[in-house]
Amino acid sequence: MAEVGIAKRKEKCENCTKQCNKKQTDDGQNLSPEKGMTNGEVTTPTQLSPVLLSACLSCDGCISEEESQRISQQNLEELRRVLALNQKCDTTKHKVLVVSICPQSLAFFAVKFNLDIREASQKLCGFLKSLGIRYVFDTTLAASFSIVESQREFVQRFRRKHHDSHAMPMFTSSCPGWIRYAERVLGSLVTPHICTARSPQQVMGSLVKDYFAKQQKLTPDQVYHVVVAPCFDKKLDAVKEEFYSSVLESQDVDCVLTSGEVLQLMEQKYFSSEDLDSVPLDHIFSEVGEQGLMRHEGRVSEGFLEHIFKHAAQDIFGLDVQEIVYKTHKNRDFQEVMLEKDGETLLHFAAVYGFRNIQTLVHRMRKGRVPYQLVEVLSCPGGCLSGRGQAEGDGGRTDRVLTQQMEDAYSSLPVRLPETNHELQSLYTVWLEGQDSFRAQQVLHTPFTTTTPRPPHTLLAPDIQW
C-alpha cells in the first residue's frame, strides 16, 4: 500500500474516507477526538510521526487480535523455525516445505541478479532448495484459474445487469489491500460488486494443500506453504478466516514473504547470484519446469482487465479484439478502455491503481456516476510490480528506475492465454470435477461480506507496518 504522512496542517490520513481516531504522536500515543482532533482532523501543532496508509486501514476496525498474531508470524524467523524442526530427529514435526513465487517477484530477482527472468528463477530456486525447501513453483497457473473464473463471472453479471442492480460494475478481487478496505471500510456500497473469484495466491494455496498434497500422499497439515510476493498486503490475504480449514487444521497459505525479505535472507546467508546453482522450477501438474514460465497480458500485474475485456468482446458481442488501447483519465494509474461499434459503446472498463484514484472511484460510486462495467482495482500505484515489498527506495518512495527495469524483465516473458493452457483444462477435470461443478465453485470462489468494525481495543501490533 502507498505510504502517507500526517503533516502539521489540518488533515486526516491522506486518501482515507474513514473517520479514524488512530492518529499517532511522536511518542506513539493515540490522539483522541477530545485531544488533538476535531471531526476526524488533526488540530494540534505537534509534529506527528509518518503513518502508512495500511496502518490507517489496519486500525482497530480492520484487524483482530487473532489476525494480528497470525500476521506477526509471517516472517523469516518463522521460516527458520520450520526449517530447524526438519533438522531434528522428531519426524512427527517435520514439514514438506513448498514455496510459490509470484511472477512479479521473479522480475525483481531478475533485476537484482542482473540476469534474464528465466535464469534468475533458476538461481532463486537453487537458493531456496539449498535452505531445505522441497518444491518451488511459480503462481502463473493459479492466476490462470483466477482469470478464467473472473471472465465467466463477468459474462454472467453482464447478462443479468438489467434485473440485478449489483451486477455492474464488477470490481476485481485479486488485490488483498483493496479487498480489506472494501470489506471493512466501504461495506455494502462495494462488496456486492466484487468478483467472487479467489486471488491467484489463494488458488495456489488450494492447489498446493489439496491437489498437490494428495498427489504426494500428504495431509495438508504436513505441508508448509510459503508464498513470495511483491507486497506486504498478501499477508492479509493469507490469514483470512475463509482460507482456513478447521477440519484439516490448515491454512491454504502458511506464510507470505515479500521479495525484499527473501533477498534479505539471501544477504544474511552471504549468498550472491554467482554462488548459486541453477535449478529449474518445479511444476505442480507435470514436469514442464522452466519451459512453462509464462505471463498473462497486462503491463505490470496479472492482466485481469485485458483478458476479461477480450473474452467479453468475443463471448457477448462476437468481436475479436487483438489490441487494447488505453486512454489515460487523470494519470497513468487511472485509465479507461472502450469497445465501440457503430457509434455505440459496448464495453467500458477502467484500471484504477493506488488509493488516491480509488477514492475518486468511491466518490463517484456514492453519487451513482460510475460508467464502467468492470474496474481492475489495485491498491499499489503502478500495480503489482510496484509493491512496497520490492519497489520501495530511499525515503519510502517508489524506486522508479528499479520499477522500469522490472517492467522490462516482466514484459520479456511470453504471453499465454489461460484458455489455451492444457494443464488448466486437465485440472478442471481431474481436480475439480468439471468447470461448472459445485467443487469448482467451492474451491475457486469466495463471498465478500461487510464486516462490523472491531472494538477499539483490538489494535494492530505496533511492529507490523507496511
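The values are calculated or read from the model by the stated rules, or taken from the named source; none is laboratory data. This structure is a prediction, so every number in the text was calculated from the model and none was measured. Every residue, glycine among them, receives a Cβ derived from its backbone with ideal geometry; neighbour counts consider all protein chains shown.
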Any helices (runs of 4 or more DSSP H) falling wholly within region 358-452 and containing at least 1 residues that are within 22 Å of Gly303 (Cα to Cα) and β-branched (Val, Ile, Thr): 400-411, 438-444
Residue within region 247-259 that is under 26 Å from Phe113 (Cα atoms), in contact with a His (Cβ under 9 Å, 6 or more places away or on another chain) and touching a residue at least 12 places away in the same chain (Cβ under 8 Å) present: yes
Only listed residue being touching a residue at least 24 places away in the same chain (Cβ under 8 Å), surrounded by 18 or more Cβ atoms within 10 Å (Cβ to Cβ) and out of contact with any helix residue (DSSP H, G or I) (no Cβ under 7 Å at 6 or more places or on another chain), chosen from Gly354, Gly382: Gly354
Hits in region 399-427 - residues which are free of Cβ contacts under 8 Å to residues at least 24 places away in the same chain and buried (at least 19 other Cβ atoms within 10 Å of the Cβ): Thr403
Residue count, region 317-351 (criterion: surrounded by fewer than 15 Cβ atoms within 10 Å (Cβ to Cβ) and over 19 Å from Cys384 (Cα atoms)): 15
Tally of residues being free of Cβ contacts under 8 Å to residues at least 40 places away in the same chain and surrounded by 10 or more Cβ atoms within 10 Å (Cβ to Cβ) across region 78-93: 5
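Each row is one residue, and each column tells you yes or no for (1) under 30 Å from Asn114 (Cα atoms); (2) small (Gly, Ala, Ser).
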residue: Phe355; (1), (2): no, no
residue: Gly382; (1), (2): yes, yes
residue: Arg388; (1), (2): yes, no
residue: Gly395; (1), (2): yes, yes
residue: Arg400; (1), (2): yes, no
residue: Leu413; (1), (2): yes, no
Residue that is surrounded by the most Cβ atoms within 10 Å (Cβ to Cβ) [pool: residues in region 357-371 that are under 18 Å from Pro176 (Cα atoms) and of a type outside the set (S, T, N, Q)]: Ile358
Residue check for Asp116: among the charged types (D, E, K, R) and crowded, with 24+ Cβ neighbours inside 10 Å: no
Residue that is modelled with pLDDT under 90 and either out of contact with any helix residue (DSSP H, G or I) (no Cβ under 6 Å at 6 or more places or on another chain) or of a type in the set (Asp, Glu) (or both), where the choices are Glu149, Glu153, Glu183: Glu183
Residue that is modelled with the lowest pLDDT [pool: residues in region 274-316 that are surrounded by fewer than 19 Cβ atoms within 10 Å (Cβ to Cβ) and among the hydroxyl-bearing types (Ser, Thr, Tyr)]: Ser286
Tyr224 of a type in the set (Phe, Trp, Tyr) and outside any helix (DSSP H, G or I): yes
Some residue of region 208-220 being out of contact with any Leu (no Cβ under 6 Å at 6 or more places or on another chain) and at pLDDT below 90: no
The one condition in (1) more than 18 Å from the chain's Cα centre (by Cα); (2) without any contact (Cβ under 8 Å) to a residue 60 or more places away in the chain that Gly396 fails to fulfil: (2)
Residue check, Val256 closer than 30 Å to Leu402 by Cα, of a type in the set (A, V, I, L, M, F, W, C) and either over 24 Å from the mean Cα position of the chain (by Cα) or part of a loop (DSSP other than H, G, I, E, B) (or both): no
Any hit, region 303-318, residues being within 17 Å of Ser173 (Cβ to Cβ), within 21 Å of the chain's Cα centre (by Cα) and in a loop (DSSP other than H, G, I, E, B): yes
Count of residues meeting criterion [touching a Phe, Trp or Tyr at 6+ places or on another chain (Cβ under 9 Å), farther than 14 Å from Ala312 by Cα and not hydrophobic (A, V, I, L, M, F, W, C)] in region 134-168: 2
